[in-house]
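The values are calculated or read from the model by the stated rules, or taken from the named source; none is laboratory data. Keep in mind the model is a prediction, meaning the values are calculated, not measured. Cβ placement follows ideal geometry from the backbone for every residue including glycine, while neighbour counts extend to all protein chains displayed. Side chains are part of the model used for accessible areas, which takes the heavy atoms of the whole protein and leaves out ligands, DNA and RNA. Shrake-Rupley method; radii C 1.70, N 1.55, O 1.52, S 1.80 Å.
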Amino acid sequence: MTDNRQVVVVTGGTRGVGAGIARGFLATGAHVVICARKPPERPVEVPGATAEFRPADLRDAEAAHALITGVAADHGRLDVLVNNAGGTPFGLLAEATAARQTKIVQLNLLVPLYASLAAHEVMSRQEAGGAVIMIGSVSGTRPSPGSGAYGAAKAGLANLARTMAVEWAPHVRVNTVVLGLVRTESTHLHYGDEEGVAAVARTIPLGRLADPADAADACVFLASAAARYISGAALQVDGGGERPAFLDAATVNH
């Protein structure tokens, strides 16, 4: 009996936003493969379905290729790749070593490139093609103090996605989900206690931080037939953006 479920790979899918995206696809009935250097502390699952975990250090281009082609070989195809793996600690540019900045750029720009190249190799041979989704950040669209290398990498990732969308059409669609501030298990490291989180939330027009499920919904849409004519797009998932600081500094009521 042929298994017609979507086959989806979510990099960095063991926790946080990645785990939320994996759960979103699981809920649609897809077969989801998550990867990271270490297994998740608890299974990434929804009622009736659990993501398959495969260990991989995607900073190694050969390891990225082996992971993607291995999934396709074992499951007969690869329909969706979500390039979620990434992140950065807070650190001012002048206070971090060049080696540290290099690692941040590698994780947030080169790792998605490695995985996408492997996915294209598979998807371009499939009659149904496939979809690649980059997880971007508002840090790549504005100044990003405290995460400069990360912001630069995310800006590069958005440009890379647009180029891939042109070069790889029509078989492979490539889009970016541009995330704003997201509430995860690591939120306190960036914003402090609940009072700090609430204060940050008040700066967002929709009045709250994103939930990983918000990212998941965007990814599921972009991977679906409903988005069949969408490629090269950057979908803002940021709650309306950030209120300009000058409005709060001005003496006139807005």
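Can you give me the angle between helix 212-222 and the longest principal axis of the chain, using Cα atoms only, in degrees from 0 to 90, rounded to the nearest 10? Between the helix axis and the principal axis of the chain, the angle is about 50 degrees.
Do the sum for the chain: with -39,500 (n - 2.57) for every DSSP H run of n ≥ 4, divided by all residues, what is the mean residue ellipticity at 222 nm, to the nearest 500 deg cm²/dmol? Write down the numbers at each step before the final one.
Numbers: 9 runs with 97 residues, N = 254.
The helix-only estimate for the chain comes to -11500 deg cm²/dmol at 222 nm.
Spin-label model, residue 213/residue 100: points 7 Å from Cα along the beta carbon direction are separated by 3.7 nm.
Relative contact order for the chain using alpha-carbon pairs under 8 Å, separation at least 6, rounded to a whole percent?
Once divided by the residue count of the chain, the mean separation gives 19 percent.
Taking the centroid of alpha carbons for each part, the stretch 124-179 and the stretch 201-245 are 14 Å apart. Send over the per residue convex hull volume for the stretch 1-56, Cα only, as a whole number of Å³. Per-residue hull volume (Cα only) is 76 Å³.
Taking the longest Cα principal axis of the chain as reference, the axis of helix 61-75 is set at about 50 degrees. Less than 5 angstrom separates the built amide H of residue 210 from those of 181, 182, 183, all sequence-distant by 5 or more or on a different chain.
Excluding ligands, DNA and RNA, the accessible surface per residue across the chain is 52 Å² with a 1.4 Å probe. Largest mean-square fluctuation among 230, 104, 135, in a Gaussian network model of the chain whose springs join Cα atoms under 10 Å apart, belongs to 230.
GNM on the chain, alpha-carbon springs under 10 angstrom: the most fluctuating residue among 59, 125, 208 is 125. For residue 114, the solvent-accessible surface with a 1.4 Å probe is about 50 Å², rounded to the nearest 10. Give the label of the value calculated from the structure for mean projected area of the Cα convex hull in nm², choosing from (1) 14.4; (2) 11.4; (3) 15.4. Structure-derived value, by its label: (3).
Using the alpha-carbon atoms, what tilt in degrees (0 to 90, nearest 10) does helix 111-123 show relative to the longest principal axis of the chain? The helix 111-123 is inclined about 30 degrees to the chain. Modelled spin labels at residue 4 and residue 69, positioned 7 Å past Cα toward Cβ, are 3.1 nm from each other.
Here the translational diffusion coefficient of the stretch 74-200 follows from Stokes-Einstein with Rh set to the Kirkwood radius across Cα pairs; for 20 °C and 1.002 mPa s it amounts to 135 µm²/s.
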